[in-house]
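One structure is given below, encoded as structure tokens.
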């Protein structure tokens, strides 16, 4: 008899303290030890995790009304611009925003840039934030300017809303030119001097659910140390890329838009990032539980680093043109070994993301579920996906603009 479970059955086992929960790393080992079929029968939930810079992130803030009231037109938090074209005292602060007086794209070695991601970290850490705002007066909002100091607890509402997080695979960046490049994937040394990447590989959420069977709109997740939700497919969501025989995309594919209450989150899992020559970002911790609804769900969740491949891309040759320097595929097992071979040369690798932090997120989520503190939610709508039988040829046509 084939294995079939429902969300309701799994949640009932979680409530009773009977659910068997393991991390995606443990799933890899268990499947190799006893086989996928037996492992799937034993396990109810597989937890995932990822922690790294996710530039398309930010926070909605409602400051509450001053006396007299003000309709904010321009807002700065610790000197960093926040978008105020919403309502009187609402604003959105993006992770990559930098102060007006900061020299953009500075390439000075060791330069630190303070930006939106750092303000978000400071908010979560309950550090004092300087709020400045200007306005045009109206009958109901007569005030022209305000300058004060706030903390997260002084704000009415603050919720993280990240338009594009948890990329399903991504590029491995290299540099074939003769000069140093400063990119969002870090410093790339000339003449294939190094290679950088940004993924947790076998722990990364969307790599363990490649066709988005469990990860969909409304799914409850670990977000920034608190509880969050998948709000929509992320921007640049592109499931129609070439995939391996195991269904795992071999390039950047799906993304998630996620949201959650900032006041529940922790600075350990929301960290401001300064990248020389690029600007600022926010390192975000995300963990997603994968219910083992059937054997296929476990098989996908147990895919190892050796079975997940990413494209090597030259960032010096008119990136991001698709024709510009796809230098083949390498596995995450190779990337994590510290060396890959590109054009016959051995190249040192380094991650922009933290695998130990991803392990900790998956373990934390596992503990929450085991204690009955975190139940699974069935998505109310699936993310845009592709049929598992769709051919690579069809995918190539779609990528090139065909419909």
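The values are calculated or read from the model by the stated rules, or taken from the named source; none is laboratory data. Being a predicted model, the structure only gives us computed values, none of them experimental. Positions of Cβ are generated from backbone atoms using ideal geometry, with glycine treated the same way; all protein chains shown enter the neighbour counts.
As an exercise: evaluate residue 11 against (1) assigned to a helix (DSSP H, G or I); (2) over 17 Å from residue 298 (Cβ atoms); (3) over 27 Å from the mean Cα position of the chain (by Cα) and give the number of the one condition it does not meet.
Just one mismatch for residue 11, condition (3).
Quick grid of which residues meet (1) free of Cβ contacts under 8 Å to residues at least 24 places away in the same chain; (2) buried (at least 20 other Cβ atoms within 10 Å of the Cβ); (3) in contact with a helix residue (DSSP H, G or I) (Cβ under 7 Å, 6 or more places away or on another chain); (4) more than 30 Å from residue 170 (Cβ to Cβ):
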site: 53; (1), (2), (3), (4): no, yes, no, no
site: 59; (1), (2), (3), (4): no, yes, yes, no
site: 65; (1), (2), (3), (4): no, no, no, yes
site: 68; (1), (2), (3), (4): no, no, no, yes
site: 75; (1), (2), (3), (4): no, yes, no, yes
site: 94; (1), (2), (3), (4): no, yes, yes, no
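Being part of a helix (DSSP H, G or I), within 18 Å of the chain's Cα centre (by Cα) and surrounded by fewer than 24 Cβ atoms within 10 Å (Cβ to Cβ) is true for just one of 296, 268. Which residue is that? Outline the logic, then answer.
Working: 296 fails: within 18 Å of the chain's Cα centre (by Cα).
Within the list 296, 268, the selection yields 268.
Looking at residue 260, is it more than 23 Å from the chain's Cα centre (by Cα), in the same structural domain as residue 370 (by TED's automatic domain parsing) and not in a loop (DSSP other than H, G, I, E, B)?
Here the answer is no, as residue 260 does not meet what is asked.
Got at least one residue in the stretch 124-144 being within 30 Å of residue 237 (Cα to Cα) and under 35 Å from the mean Cα position of the chain (by Cα)? Steps first, answer last, please.
First, the residues of the stretch 124-144 that are within 30 Å of residue 237 (Cα to Cα): 124.
Pick out the ones that are also under 35 Å from the mean Cα position of the chain (by Cα) and you get 124.
Within the stretch 124-144 (the criterion being within 30 Å of residue 237 (Cα to Cα) and under 35 Å from the mean Cα position of the chain (by Cα)), the answer is yes, since at least one residue qualifies.
One residue is enough: does the stretch 98-115 have a residue meeting the conditions touching a helix residue (DSSP H, G or I) at 6+ places or on another chain (Cβ under 6 Å) and either outside the structural domain of residue 316 (by TED's automatic domain parsing) or more than 26 Å from residue 260 (Cα to Cα) (or both)? Please lay out each step first, then the result.
Taking the stretch 98-115 first, the residues touching a helix residue (DSSP H, G or I) at 6+ places or on another chain (Cβ under 6 Å) are none.
No, every residue in the stretch 98-115 fails to be touching a helix residue (DSSP H, G or I) at 6+ places or on another chain (Cβ under 6 Å) and either outside the structural domain of residue 316 (by TED's automatic domain parsing) or more than 26 Å from residue 260 (Cα to Cα) (or both).
Checking the conditions here, which among 325, 287, 272 is modelled with pLDDT under 95 and touching a strand residue (DSSP E or B) at 6+ places or on another chain (Cβ under 7 Å)? First the steps, then the outcome.
Details: 287 fails: modelled with pLDDT under 95; 272 fails: modelled with pLDDT under 95.
Just a single option satisfies the conditions, and that option is 325.
Filter the stretch 150-186 down to the residues that are under 30 Å from residue 128 (Cα atoms) and without any contact (Cβ under 8 Å) to a residue 40 or more places away in the chain and list them by number.
151 - this is the single residue of the stretch 150-186 that is under 30 Å from residue 128 (Cα atoms) and without any contact (Cβ under 8 Å) to a residue 40 or more places away in the chain.
Would you check if residue 99 is in a strand (DSSP E or B) and closer than 30 Å to residue 183 by Cβ? Break it down into steps so the answer makes sense when it comes.
Numbers: in a strand (DSSP E or B): no; closer than 30 Å to residue 183 by Cβ: yes.
Criteria not met by residue 99.
So, in the stretch 333-349, of the ones that are in contact with a helix residue (DSSP H, G or I) (Cβ under 9 Å, 6 or more places away or on another chain) and assigned to a strand (DSSP E or B), which residue ends up surrounded by the most Cβ atoms within 10 Å (Cβ to Cβ)?
From the stretch 333-349, those in contact with a helix residue (DSSP H, G or I) (Cβ under 9 Å, 6 or more places away or on another chain) are 333-336, 340-341, 349; that's our starting set.
With assigned to a strand (DSSP E or B) added as a condition, the list becomes 340-341, 349.
Working: 340: 23, 341: 12, 349: 18.
It comes out as 340.
What single numbered condition from (1) touching a strand residue (DSSP E or B) at 6+ places or on another chain (Cβ under 7 Å); (2) touching a residue at least 24 places away in the same chain (Cβ under 8 Å); (3) surrounded by fewer than 24 Cβ atoms within 10 Å (Cβ to Cβ) fails to hold for residue 127?
Result: residue 127 passes all but (1).
Scan the stretch 219-233 and report the pairs whose first residue is on the phi < 0 side of the Ramachandran plot and touching a residue at least 12 places away in the same chain (Cβ under 8 Å) and whose second residue is part of a loop (DSSP other than H, G, I, E, B) and buried (at least 23 other Cβ atoms within 10 Å of the Cβ), with Cβ atoms within less than 6 Å and a gap of 6+ or a chain change.
Pairs found: 221/288; 226/265; 230/219; 233/383.
Mind counting the residues in the stretch 187-216 that are without any contact (Cβ under 8 Å) to a residue 24 or more places away in the chain and under 23 Å from residue 5 (Cα atoms)? Give the steps one after another, and end with the answer.
Step one: filter the stretch 187-216 for residues without any contact (Cβ under 8 Å) to a residue 24 or more places away in the chain, giving 189-191.
This time we only want the ones that are under 23 Å from residue 5 (Cα atoms), so: none.
Within the stretch 187-216, residues that are without any contact (Cβ under 8 Å) to a residue 24 or more places away in the chain and under 23 Å from residue 5 (Cα atoms) number 0.
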